[in-house]
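The values are calculated or read from the model by the stated rules, or taken from the named source; none is laboratory data. Here the structure is a predicted model, which means the values were calculated and not measured. Cβ: placed from backbone, ideal geometry, glycine included. Neighbour counts: every protein chain shown. Calculation scope for accessible area: heavy atoms of the full protein, side chains included, ligands and nucleic acids excluded. Shrake-Rupley method; radii C 1.70, N 1.55, O 1.52, S 1.80 Å.
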Amino acid sequence: MAKTLVQEFTKGLWNEIPPFRLVLGLCPALGVTTTMENGIGMGLATTFVLVFANILVSLLRKVIPAKVRIACFIVIIATFVIVVELLMQAYAYRLFQTLGVFIPLIVVNCIVLGRAEAFAYKNGMVASTADGLGIGIGFTLSLAVLGAVREILGTGMFFGHSVFGTGYQPFTFMVQAPGAFIGLGLLLCLMNIVGRK
Amino acid sequence: MREMVKMVVVLTFLSALSAGVLAWLRNATAAQIEIQELELVKGPAIRQILEGATNDPVNDRFKIEIDGKAQSFFVGVFDGAPNTVVFETTGKGFADAFGLMVAVNVETDKLVGVAVTTHKETPGLGAQAKDDPAFPAQFKGLPADQSVKITKDGGSISALSGATITSRAVCDAASDGLERYRALKPQIVEQVRSFKP
């Protein structure tokens, strides 16, 4: 298990990239990825929480009694989620409006709790930071890609610019909830095909 | 026994620390959040009601203390005369509390308009109170010395179809606002006059 820091970081970008490899955190992944911008915003918010929760959990891992560890994790995670929520409200209000209820829901995001339990509680601070950053950036990338695919197909626009010209009939199905599942499934399939070679 | 004490101590300490940090952050961001809300939620509603005003009503505002809470009043200048005041009231909607901007002309004592700001009503039904301009338009010109009611309750406002509760709630919120206006009228008039351009 003696992995290098680089490995701890890069595993989040491909081998264990959420939500594709670790099929966790699907609720925000499906809920907010109607545009690439929302996907990136959600991903960065989660990354922030993930990194700081990982750091704090690994620092306190000798102090936190095993029997109440989940409760302690939740307190730590919830604190950082509210920090993100307040900061976003103060400095990125439009993003806060579109992400809405999904920000408080980061508290129960399985990825964050999962990393605290499976990694940060057993590893040192530096490794946990690398793990949090890797998984967080991987999650951000996934949401950005899923958001981009849904935005381009579903509205024919990309960052406010038309992609296919005026003749394109937007495939609005893609920006609705079922489109999210199908988009996620197709991307997962594509990743498996690429990974097999 | 030792373990139990440790669990209690650790959890208590974590929660207290979390509460302290969040309370501090809440205070630190409160002013910025108020500015953002003013700019992005209340501002558009105010400007929409006071269309044609020659000043910037979001800038020209004063505060009156009501039950120990400072409430903002926004002033609209028409044809060189500051004669309209806008303020926010809250109502209990179908889903949750909502905000309603109420504009009153202080010279004619008539409603200039209302606009829903923050709300959680059902999209397509109750949310039409905000999305369908025909609904708030009915409030224009109503006298400020009477409460506002939907036609079913003997008033003059046609309720939104499928959203009687929301419609009634908007009327109640408007009536509350008018009551506050009548109670504070001398103070309001004095303040509004001081905004002579």
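Key figures
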item	result
Members of segment B:154-180 that are in contact with a Cys (Cβ under 8 Å, 6 or more places away or on another chain) and either open to solvent by 10 Å² or more (accessible area, probe 1.4 Å) or touching a residue at least 24 places away in the same chain (Cβ under 8 Å) (or both)	B:G155
Yes/no for A:E85 being of a type in the set (D, E), open to solvent by less than 30 Å² (accessible area, probe 1.4 Å) and more than 15 Å from the chain's Cα centre (by Cα)	no
Looking only at segment A:42-69, and only at residues there that are open to solvent by less than 10 Å² (accessible area, probe 1.4 Å) and more than 14 Å from chain B (Cβ to nearest Cβ), the one that is farthest from A:V107 (Cα to Cα)	A:S58
So B:P57, is it more than 8 Å from chain A (Cβ to nearest Cβ) and in a helix (DSSP H, G or I)	no
Residue within segment A:158-168 that is in contact (Cβ under 8 Å) with a residue 12 or more places away in the chain, assigned to a strand (DSSP E or B) and not basic (K, R) present	yes
B:A28 vs. criteria facing chain A (nearest Cβ under 9 Å) and open to solvent by 40 Å² or more (accessible area, probe 1.4 Å)	yes
Selection status of B:L14, touching a residue at least 12 places away in the same chain (Cβ under 8 Å), hydrophobic (A, V, I, L, M, F, W, C) and within 11 Å of chain A (Cβ to nearest Cβ)	no
B:M101 being more than 12 Å from chain A (Cβ to nearest Cβ) and within 30 Å of A:F73 (Cα to Cα)	no
Unique match (being open to solvent by less than 70 Å² (accessible area, probe 1.4 Å), within 14 Å of chain A (Cβ to nearest Cβ) and of a type in the set (V, I, T)) among B:I33, B:I64	B:I33
Residue among A:G160, A:G134, A:G154 that alone is more than 27 Å from A:C110 (Cα to Cα) and crowded, with 19+ Cβ neighbours inside 10 Å	A:G154
Single condition A:N15 does not satisfy, out of (1) open to solvent by 40 Å² or more (accessible area, probe 1.4 Å); (2) touching a helix residue (DSSP H, G or I) at 6+ places or on another chain (Cβ under 8 Å); (3) over 30 Å from A:T98 (Cβ atoms)	(2)
Residue tally, condition assigned to a helix (DSSP H, G or I) and either of a type in the set (K, R) or free of Cβ contacts under 8 Å to residues at least 24 places away in the same chain (or both), over segment B:112-135	3
A:T98 being in a helix (DSSP H, G or I), within 14 Å of chain B (Cβ to nearest Cβ) and touching a Ser or Thr at 6+ places or on another chain (Cβ under 6 Å)	no
Segment B:1-11 - residue that is assigned to a helix (DSSP H, G or I) and more than 7 Å from every other protein chain (Cβ to nearest Cβ) and, of those, farthest from A:I76 (Cα to Cα)	B:R2
Some residue of segment A:149-161 being among the aliphatic types (A, V, I, L, M) and either modelled with pLDDT of 90 or more or under 16 Å from A:L24 (Cα atoms) (or both)	no
Criterion: open to solvent by 50 Å² or more (accessible area, probe 1.4 Å) and without any contact (Cβ under 8 Å) to a residue 12 or more places away in the chain - qualifying residue of A:A90, A:A177, A:A118	A:A118
The listed residue being of a type in the set (G, A, S), touching a Ser or Thr at 6+ places or on another chain (Cβ under 8 Å) and surrounded by fewer than 21 Cβ atoms within 10 Å (Cβ to Cβ), out of B:S72, B:S147	B:S147
Test set (1) among the aliphatic types (A, V, I, L, M); (2) within 22 Å of the chain's Cα centre (by Cα); (3) surrounded by fewer than 16 Cβ atoms within 10 Å (Cβ to Cβ) - B:V104 fails condition number	(3)
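Residue-wise test of (1) touching a strand residue (DSSP E or B) at 6+ places or on another chain (Cβ under 9 Å); (2) modelled with pLDDT under 85; (3) within 28 Å of A:V63 (Cβ to Cβ); (4) not in a strand (DSSP E or B).
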residue: B:A16; (1), (2), (3), (4): no, no, yes, yes
residue: B:A23; (1), (2), (3), (4): no, no, yes, yes
residue: B:T29; (1), (2), (3), (4): no, no, no, yes
residue: B:Q32; (1), (2), (3), (4): no, no, no, yes
residue: B:E39; (1), (2), (3), (4): no, yes, no, yes
residue: B:K42; (1), (2), (3), (4): yes, yes, no, yes
residue: B:F74; (1), (2), (3), (4): yes, no, no, no
residue: B:E88; (1), (2), (3), (4): yes, no, no, no
